[in-house]
Amino acid sequence: MEKRFRQILIVTIVAVSLLLSERISAQSYMAEDGYVEFISTAPLLEFKGESENLTGLIDLDQNLIDFYIDLNTLKTGIERRDRDMRNSYLETDKFPFAEFTGELTSDFDPTLFETQQASVSGTFKIHGVERDIEVEGTLTPSENSISLEASWVVLLEDYNIDRPGVLFYQLAEEQTVNISIQLNKTDN
């Protein structure tokens, strides 16, 4: 319950600050229940971590895209691995969130109700490290929402995330991140 309250509070703070700065416009979409997963494919083991607490904002007028996840909500299916991941590697006590902020760099027509390829350029931040990245995905608009799906690769060393020393073969250096979220039009 406390984690959910924290997520709602953060979404509210972001929305209020954007409203006060007049950054949320008539073409803004928000959600707080998207899906994110990371997939680790090592030679002897493949596993994934998942969460259904991805929060996002797309503002087409401002060309602003922002998504974040409370890393404490990621689950791999094994409690000990989850605890080790949070405490020893992601260090969620110091760096509780991962966030991507950027802008759409491809054409997108929100009145064309079909799946469209999308390219986004921005900054991905995790473990206190920010890197500029390009993300490819799809946007599917409808009358009052936009569905987004995207995928990119994260190299752990790029973000100063250590791998387990003894079990290095169980965690790949490259992690594939997939997101899926339906954002609903905001009322202005």
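State all residues of the stretch 48-76 that are out of contact with any strand residue (DSSP E or B) (no Cβ under 7 Å at 6 or more places or on another chain) and either among the aliphatic types (A, V, I, L, M) or part of a strand (DSSP E or B) (or both); if no residue qualifies, say none. Working first, answer last.
Step one: of the stretch 48-76, the residues out of contact with any strand residue (DSSP E or B) (no Cβ under 7 Å at 6 or more places or on another chain) are 60-62, 72.
Leu60, the sole residue that qualifies.
Out of all the residues in the stretch 101-111, which are under 19 Å from the mean Cα position of the chain (by Cα) and assigned to a loop (DSSP other than H, G, I, E, B)? Walk me through it before giving the result.
Just the residues of the stretch 101-111 that are under 19 Å from the mean Cα position of the chain (by Cα), to begin with: 101-105.
The one that is under 19 Å from the mean Cα position of the chain (by Cα) and assigned to a loop (DSSP other than H, G, I, E, B): Thr105.
Report whether or not Asp66 is within 18 Å of Ser28 (Cα to Cα) and either modelled with pLDDT of 95 or more or of a type in the set (A, V, I, L, M, F, W, C) (or both).
Numbers: within 18 Å of Ser28 (Cα to Cα): yes; either modelled with pLDDT of 95 or more or of a type in the set (A, V, I, L, M, F, W, C) (or both): yes.
Criteria met by Asp66.
(1) free of Cβ contacts under 8 Å to residues at least 60 places away in the same chain; (2) aliphatic (A, V, I, L, M); (3) farther than 20 Å from Asp70 by Cβ; (4) in a strand (DSSP E or B): which one isn't true of Ala150, the others all being true?
With respect to (1) free of Cβ contacts under 8 Å to residues at least 60 places away in the same chain; (2) aliphatic (A, V, I, L, M); (3) farther than 20 Å from Asp70 by Cβ; (4) in a strand (DSSP E or B), Ala150 is out only on (3).
Which residue out of Leu112, Leu156 is aliphatic (A, V, I, L, M) and touching a Lys or Arg at 6+ places or on another chain (Cβ under 7 Å)?
Details: Leu112 fails: touching a Lys or Arg at 6+ places or on another chain (Cβ under 7 Å).
Every option except Leu156 fails the conditions.
What is the residue count in the stretch 77-100 for residues that are without any contact (Cβ under 8 Å) to a residue 40 or more places away in the chain, over 22 Å from Glu32 (Cβ atoms) and either of a type outside the set (A, V, I, L, M, F, W, C) or not in a loop (DSSP other than H, G, I, E, B) (or both)?
Of the residues in that region, 10 qualify.
Could you please find all residues in the stretch 126-172 being of a type in the set (Phe, Trp, Tyr) and modelled with pLDDT of 95 or more?
Within the stretch 126-172, the first condition is being of a type in the set (Phe, Trp, Tyr), and the residues that meet it are 152, 159, 168-169.
Listed by number, the residues that qualify are Trp152, Tyr159.
Restricting attention to the stretch 78-96, which residues are surrounded by 15 or more Cβ atoms within 10 Å (Cβ to Cβ) and in contact with an Asp or Glu (Cβ under 9 Å, 6 or more places away or on another chain)? Let's see the steps before the verdict.
Residues of the stretch 78-96 surrounded by 15 or more Cβ atoms within 10 Å (Cβ to Cβ): 81-82, 84-86, 89-92, 95-96.
Arg86, Tyr89, Thr92, Pro96, listed by residue number.
The values are calculated or read from the model by the stated rules, or taken from the named source; none is laboratory data. These figures come from a predicted structure and were not determined experimentally. For neighbour counting, all protein chains shown are included, and Cβ atoms are generated from backbone atoms with ideal geometry for every residue, glycine included.
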